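Input: a single structure, listed below in structure tokens.
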Amino acid sequence: EKFSDKYKKGYYKSIAYREKGMTAEAQQEETILLESDKYKDYALVNMANDYFNEKKYTEAEKNYQEIRNMESSSFKDLAIFQMGNICALKGENDKAVVELSKVFVLYPESMYAIPAKLKLADVYDVKGEAAKAKKGYKELLENKNASEYKEYLTEKMLFISLKENNKQEAEKYYKQLQKINKETAAKYDEFMKEEEKTENNAQPVKKEEEK
């Protein structure tokens, strides 16, 4: 009971320190919590996140992997998502695709399911797999649960449409982007004017009938 009480206090002290931005103090408490079966995953995830934010990806990965190896933890979805992010940051895009896909396949209700789908579409984009990237962005744009990413997704779809020279789609996403954020849409004003000019110049020419 004494040990249980010690760990419980350490857990609440860690939360309080983190809320105040006192990371070093929180980490001291979390080092003790690594000995506790109940709070070990909490300590590991905080330490992993700290390493991740410090760009110490090898150390972060080690801690996330330890969470994944645990019999049960409420942080497994986050650990897989973060390992997918690390793979993408290291340029290991094939591995990133596998890890990010696991998040929404194994944990469809997870709060990281939508961010994982978004990151996956970005990875496909980087890999040059345009069709898969476009499909991912489009599905998310139509998903009401991804509404917080609407501006980013609309801009992505506008950029892809322009790249594909799909004037109709480009016009549609351009108008949508103007409604969401005029400043963001303004970056594409010149492109859209060019498209309009090209369209106006490319009118069909009738051949004069021979007399």
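The values are calculated or read from the model by the stated rules, or taken from the named source; none is laboratory data. These figures come from a predicted structure and were not determined experimentally. Neighbour counts are summed over all protein chains in view; Cβ atoms, including those assigned to glycine, are modelled from backbone coordinates with ideal geometry. The protein model used for the area step is the full one, side chains on, heavy atoms only, and it has no ligands, DNA or RNA in it. Shrake-Rupley method; radii C 1.70, N 1.55, O 1.52, S 1.80 Å.
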For the chain, find the longest principal axis of its Cα atoms and tell me its angle to the long axis of helix 93-106, 0 to 90°, nearest 10. 70 degrees
Can you tell me the 0 to 90 degree angle between the C-alpha axis of helix 167-180 and the longest principal axis of the chain, rounded to 10? 50 degrees
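At a threshold of 8 angstrom on Cα-Cα distance, excluding pairs fewer than six apart, so keeping six or more, what relative contact order does the chain reach in percent? It would help to have the intermediate numbers written out before the result.
Details: 204 pairs, mean separation 16.6, N = 211.
RCO, the chain: 8 percent.
Nearest 0.05, what FRET efficiency do LYS132 and MET111 give at R0 = 25 Å with Cβ-Cβ as r?
Working: r = 24 Å, r/R0 = 0.95.
In this case the efficiency is close to 0.60.
Just the number please: accessible area per residue for the chain, 1.4 Å probe, all protein chains included, in Å².
Details: 13970 Å² over 211 residues.
Roughly 66 Å² per residue, with all protein chains present.
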Virtual spin-label span in nm between LYS187 and MET70, 7 Å along Cα→Cβ: 3.9 nm
Which of these values of log10 I(q)/I(0) by the Debye sum over Cα atoms at q = 0.11, 0.13, 0.19 Å⁻¹ was calculated from the structure shown: [x] -0.44, -0.62, -1.33; [y] -0.69, -0.85, -1.25; [z] -0.55, -0.76, -1.43? [y]
Let me make sure I get this right: for segment 45-113, a, b and c are the square roots of the gyration tensor eigenvalues over alpha carbons, sorted descending. Under 1.5 in a/c it's rounded, otherwise prolate if a/b > b/c, else oblate. Which is it? oblate
Segment 79-169: relative contact order from alpha carbon pairs under 8 Å, six or more residues apart, as a whole percent, is 18 percent
Return one number: the angle in degrees, 0 to 90 and rounded to the nearest 10, between the long axis of the Cα atoms of helix 76-89 and the longest principal axis of the Cα atoms of the chain. 50 degrees
Residue by residue, what Karplus-based ³J(HN,Hα) values in Hz, rounded to whole numbers, does segment 34-47 have, using 6.51, -1.76 and 1.60 with θ = phi - 60° and x for Gly and Pro? 4, 7, 9, 5, 6, 10, 4, 5, 4, 5, 4, 5, 5, 5
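Share of segment 38-78's accessible area from carbon and sulfur, percent, 1.4 Å?
On the way: 1030 of 2280 Å².
Accessible surface attributable to carbon and sulfur in segment 38-78 totals 45 percent.
Using a 10 Å cut-off on Cβ atoms, rank the peptides 157-165, 140-148 from the highest mean neighbour count down. Write out the running numbers ahead of the final one.
Values: 157-165: 17.3, 140-148: 13.2.
Put in order of decreasing packing, that is 157-165, 140-148.
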Note, segment 11-16: 3J(HN,Hα) by Karplus (6.51, -1.76, 1.60, θ = phi - 60°), whole Hz, Gly/Pro = x, goes 4, 5, 5, 4, 4, 4
